[in-house]
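Let me begin by presenting the structure, written as structure tokens, before commenting on it.
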Amino acid sequence: MKVHYRAAAGLAVLAMAVAACGGGGSETKQPSAEQSQQAQQQMSETPAISINPVPYEQVKDGGTLTLPVGQWPSQWNPYHVDGNQADTTEMRDTFLPSVMVADEEANFTPNPDYLTDVKVDTASGKQVITYTINEKATWSDGEPITWKDFEAAWKANNGENKKYKPASTDGYDRIESVAKGDSDRVVVVTFSKTYPEWQGLFSPLMPAKHIDSPDVFDKDYLQKVPVTAGPFKIESIDEGTKTLTVVRDDKWWGKKAKLDKVIFRTIETPAAQVNAFANGELDMVEIPPGSPADLKRAKEVPNVDIRKALSPNWRHITVNNQSEFLKDKSVRQAVAYAINRDVITQSDLKDMDWPLQTLGNHVFMNNHKGYVDNSGDLGKYNVEKAKQLLDAAGWKQESEGATRKKDGKEFELSFVVPAGVPYAKTEGELTQAMLAEAGIKLSIRAVPDDKFFTDYIIKGDFDLVPFSWIGTPLPIGSLPQIYKTGSESNFPKSENPELDAAIEDAVGEMDPAKAIEKANAADKMIWDMVHTIPLYQRPDIQAAKKTLANLGAEGYKTYDWSIVGFTG
């Protein structure tokens, strides 16, 4: 099962799948030099995109596309912290505007369906972006898309009004003003501080009247979608069957959508999704890590096309910096030393046709030009170092194999997993065995899948929790979202003024090479504080019908839903 979670510059995704149980922390050694070289070679051979590209004219008119989602949303507002799931985003992209779009090489251009021009200037030493909105761009309620929609997005997301609950304030908090230009269709955005990754702002765009107060921000898109503006419109949102159906919008001013209809069905486990795909009920299915049996089954489906690409997605364990036992940084570092990342990586990726390579960076993926392994000693399994740190912190072990105690209290952590995700449970069992060697007791808490983010991660009800961040072509912009003090998406609730300053320095740096250097400096601090323990760059593997065109493993590319369809 996949459960997705969306934000401005990054996207959290909980990937759910079946995995075989593995052994304890000391059974798998560090990869040999030969194994590492093989992984790097395999990564270099994995494409950046695999979507079966077909020109618009050669895609068949009509047809119904049926896709699975892992978690059914209640909040459809993309800016809301509760509406920030990638499954929801995938559905929403069919009917809400993305004003800037990226290609497979992470180059951004204005989306001509919504913008006819974008200018980047400097006025009085300040960065100014001027957007010119397509005269045809209209919301489904008949209202034109105007500068007011941009202004409302800025005010809802800039963090000034604490009654709003934005998933991220990234970039919006660096804007000084959003003003009307020569007409209602011209938007002038002036920044108080430079923001090189401005292309990620205002996508998706929302109608102002549905986000211009905290009350409507919370309620107007709760279990409903009142207004759209895309190649598709809502036909039905079925809460009973947890199914969304969108149909071609005949009022759409862009290229006519090739498909008549897209149906998104909630199917909670990868095995069930693959079964549905094998039975011809679905046209494409994701094969997440830890599910080699599902990959094998998918490969056996007649006329299947396995599409995989390197994407800015990574799996990790988030560490609650505010939990009772983990407030002490040295204790968090002990936990990091006690976890053998190679064991979990090899368990999750074994037989998945994917590089067995751990990730040493919180910002850049292994194949990104900015990648540096910043993990240092903390990225290396060292149970003896873990024991030394725990002893020094006052957590004493009375005998070999016993749980450590301090002031009469046992050291016990919780590892929260979604109940429908066997491979997350496997990660918990592996971590449980590893931490036991250091004298730490770990209990695995299985929680309802649809409550995993909203009731546990967002509320901080965990000690350790595994999920995946799904990134965008703008990796540096995710730094404040995930790691800055006070961000709604800083789930460990970490507080580090020095890191905040380093993040501020990195996200405002206009020189790309210097920005990478500064982001890596911030990354070293994130490793030191043990905010998150990176595991690996997450596979993007899709099994699709061979006739499905312009959809699959997209990498950095933004889908164009008007050209998605079938060739036969």
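Every read-out reported here was derived from the displayed coordinates using simple, explicitly stated rules and does not represent laboratory data. Since the structure is predicted, the reported quantities are computational estimates derived from the model, not experimental observations.
A few points about this structure:
- Taken along its three principal axes, the alpha carbon spread of the range 34-89 comes to 48, 38, 19 Å, from the longest extent down to the shortest.
- Table column - 3J(HN,Hα) (Hz), the range 414-422, Karplus curve with 6.51, -1.76, 1.60, x for Gly and Pro: 10, 10, 8, 9, x, 4, x, 10, x
- Rounded, prolate or oblate (a/c below 1.5 giving rounded, otherwise prolate when a/b exceeds b/c) for the range 100-219 by Cα gyration tensor: rounded
- Annotation: lysines with alpha-carbon distance below 19 angstrom to LYS441 (same-chain offsets under eight excluded): LYS327, LYS329, LYS385, LYS387, LYS396, LYS405, LYS406, LYS409, LYS425.
- Over the residues of the chain, the helix contribution to mean residue ellipticity at 222 nm works out to -7000 deg cm²/dmol, using -39500 (n - 2.57) for each DSSP H run of at least 4.
- Applied to the range 142-149, the Karplus parametrisation 6.51 cos²θ - 1.76 cosθ + 1.60 on θ = phi - 60° returns per-residue 3J(HN,Hα) values of x, 6, x, 7, 9, 4, 5, 5 Hz, with x for Gly and Pro.
- Lysines with Cα under 18 Å of LYS233, excluding same-chain neighbours fewer than 8 positions away: LYS136, LYS224, LYS242, LYS251, LYS255, LYS256, LYS258, LYS261
- Reciprocal mean inverse distance between Cα atoms of the chain - Kirkwood radius, Å: 24.2
- Sequence-separation-based contact order of the chain, relative, with Cα cut under 8 Å and 6+ spacing, percent: 25
- The range 92-158 shape via C-alpha gyration tensor axes, a/c threshold 1.5: oblate
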